[in-house]
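Student: One structure follows; several queries about it will come next.
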Amino acid sequence: MKIAVLPGDGIGTEIVAEAVKVLDVLDLKFETESALVGGAAYEAHGHPLPESTLKLAKEADAVLFGAVGDWKYDKLDRPLRPEQAILGLRKNLGLFANFRPAICYEELVGASSLKPELIAGLDILIIRELTGDIYFGQPRGRRVATDGHFPGAEEAFDTMRYSRPEIERIARVAFDAARKRSKRVTSVDKNNVLETSQLWKDVMLDVAKEYPDVELDHMLVDNAAMQLVKAPKKFDVVVTGNMFGDILSDEAAMLTGSIGMLPSASLNSSNQGLYEPSHGSAPDIAGKGVANPLATILSAAMMLRFSLNQPEAADRIESAVKQVLASGLRTGDIWSEGTKRVGTREMGDAVVAA
Ligand code: NAI
Ligand code: MG
């Protein structure tokens, strides 16, 4: 087993170091190799995703990724910006299935802005299609309008596009995931308005026939946004397209209190995956040793479960994290009265010890 370790920028290097420490103590047989990515790679090689980094990622069984980006790169041409590295990795590795669990740990119920009874025990999984939809659909661009409400005016356009096989494969990912949980899938679309959503719903219904043991329901995206804050525990697995998933998964993240707790996985059809925290490079706290490493440590657990076939090791990491939270240790983002504030490294050490 080979893991490509790509810490990236900002707090990326600090939090990935803690996750690697946790992996090391498990005493499993794997090789790790690190490479630069994002702004760090741009500084050293003039490109955010150098050929050598991409090659390492492609050859590995899994990629453990920190975060990329810094405001100082905002003036660079778009293809040279750090964020292009993550888009390039998704595209080149064919990472079409994005798993974003939103779990509310018992000890952190108070950190959410929602009432405790709404989120205590929350454990939902948002599955976002990652390589299609309006973010990639052609044609797109800017032009002078020849029709519409303002002919002759400057306009811009994007194309929302999905093919049947693209929807089928993400549907199967969602139904398979639901089989291992409470056997319910909510498919989110906007089929009352959009043709792509109508195809999405048709394909979901077709694929559901292969999974008679899983219950499928459909929800319009605007209603899903409301239900997520009104009664989030009603959901189990949510499957949706790239743009709706982008928005809903960030909304779900906030239910749990801190983005510093939320892992993610992006998988391709051979279960090769990229694992990263849901947050970014946090330039405002980078280098201070205060970032919460738990999202990255929990991403490493997802990596062991999904790509490296080590479910027991994944369980060990997750229960160690729970134990550390129960012992009262908190980084600043999840700190509250009566708990003990610790830094990035102390938090990592505590997980290792547990
Ligand atoms: P961010 O997620 O980096 O930070 C948002 C807020 O959350 C900040 O106040 C930050 O201090 C805090 N935060 C984030 N992670 C934390 C952690 N582990 N522990 C404690 N606090 C944490 O998002 P922001 O500020 O919008 O973006 C910063 C940079 O990150 C930008 O360059 C952006 O493009 C990049 N970014 C990269 C992503 C990636 O690499 N996949 C994803 C999102 C943003
Ligand atoms: Mg987002």
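The values are calculated or read from the model by the stated rules, or taken from the named source; none is laboratory data. What you see is a predicted model, and the numbers here were worked out from it, not measured in a lab. FYI the Cβ positions are ideal-geometry reconstructions off the backbone, even for glycines, and counts take in every protein chain you see.
Student: Could you count how many residues in the range 89-113 are within 15 Å of ligand 1 (Cβ to nearest atom), farther than 12 Å from residue 274 by Cα and assigned to a helix (DSSP H, G or I)?
Tutor: Residues flagged as within 15 Å of ligand 1 (Cβ to nearest atom), farther than 12 Å from residue 274 by Cα and assigned to a helix (DSSP H, G or I) within the range 89-113 amount to 2.
Student: For the range 239-264, which residues satisfy the criterion of being in a strand (DSSP E or B) and within 15 Å of ligand 2 (Cβ to nearest atom)?
Tutor: 240, 263, 264
Student: Does any residue of the range 223-242 turn out to be in contact (Cβ under 8 Å) with a residue 24 or more places away in the chain, closer than 30 Å to residue 67 by Cβ and within 16 Å of ligand 1 (Cβ to nearest atom)?
Tutor: There is at least one residue in the range 223-242 that is in contact (Cβ under 8 Å) with a residue 24 or more places away in the chain, closer than 30 Å to residue 67 by Cβ and within 16 Å of ligand 1 (Cβ to nearest atom).
Student: Continuing with this model, one more query. Looking only at the range 176-189, which residues are in contact with a Phe, Trp or Tyr (Cβ under 9 Å, 6 or more places away or on another chain) and surrounded by fewer than 22 Cβ atoms within 10 Å (Cβ to Cβ)? Step through it out loud before you land on a result.
Tutor: So the first thing to find is which residues in the range 176-189 are in contact with a Phe, Trp or Tyr (Cβ under 9 Å, 6 or more places away or on another chain), and the list is 176-179, 183-189.
Once the filter is applied, which keeps residues that are in contact with a Phe, Trp or Tyr (Cβ under 9 Å, 6 or more places away or on another chain) and surrounded by fewer than 22 Cβ atoms within 10 Å (Cβ to Cβ), the range 176-189 yields 176, 177, 179, 183, 184.
Student: So, one more: From 56, 108, 95, which residue is surrounded by 13 or more Cβ atoms within 10 Å (Cβ to Cβ), away from ligand 2 (no atom under 16 Å from the Cβ), modelled with pLDDT of 95 or more and hydrophobic (A, V, I, L, M, F, W, C)?
Tutor: Values: 108 fails: modelled with pLDDT of 95 or more; 95 fails: away from ligand 2 (no atom under 16 Å from the Cβ).
Result of the check over 56, 108, 95: 56.
Student: Another question about this same structure. Which residues, taken from the range 270-284, are among the small types (Gly, Ala, Ser), in contact with a helix residue (DSSP H, G or I) (Cβ under 7 Å, 6 or more places away or on another chain) and more than 10 Å from ligand 1 (Cβ to nearest atom)?
Tutor: Taking the range 270-284 first, the residues among the small types (Gly, Ala, Ser) are 270, 273, 278, 280-282.
Among the residues that remain, those that are also in contact with a helix residue (DSSP H, G or I) (Cβ under 7 Å, 6 or more places away or on another chain) are: 273, 278, 281.
Within the range 270-284, just 273 meets the criteria.
Student: Of the numbered conditions (1) under 29 Å from residue 228 (Cβ atoms); (2) touching a residue at least 40 places away in the same chain (Cβ under 8 Å); (3) not β-branched (Val, Ile, Thr), residue 88 fails exactly one; give the number of that condition.
Tutor: (1)
Student: Condition first: within 30 Å of residue 57 (Cα to Cα), away from ligand 2 (no atom under 16 Å from the Cβ) and surrounded by fewer than 18 Cβ atoms within 10 Å (Cβ to Cβ). Can you find one or more residues in the range 288-301 that meet it?
Tutor: Looking for residues that are within 30 Å of residue 57 (Cα to Cα), away from ligand 2 (no atom under 16 Å from the Cβ) and surrounded by fewer than 18 Cβ atoms within 10 Å (Cβ to Cβ), one finds at least one in the range 288-301, hence yes.
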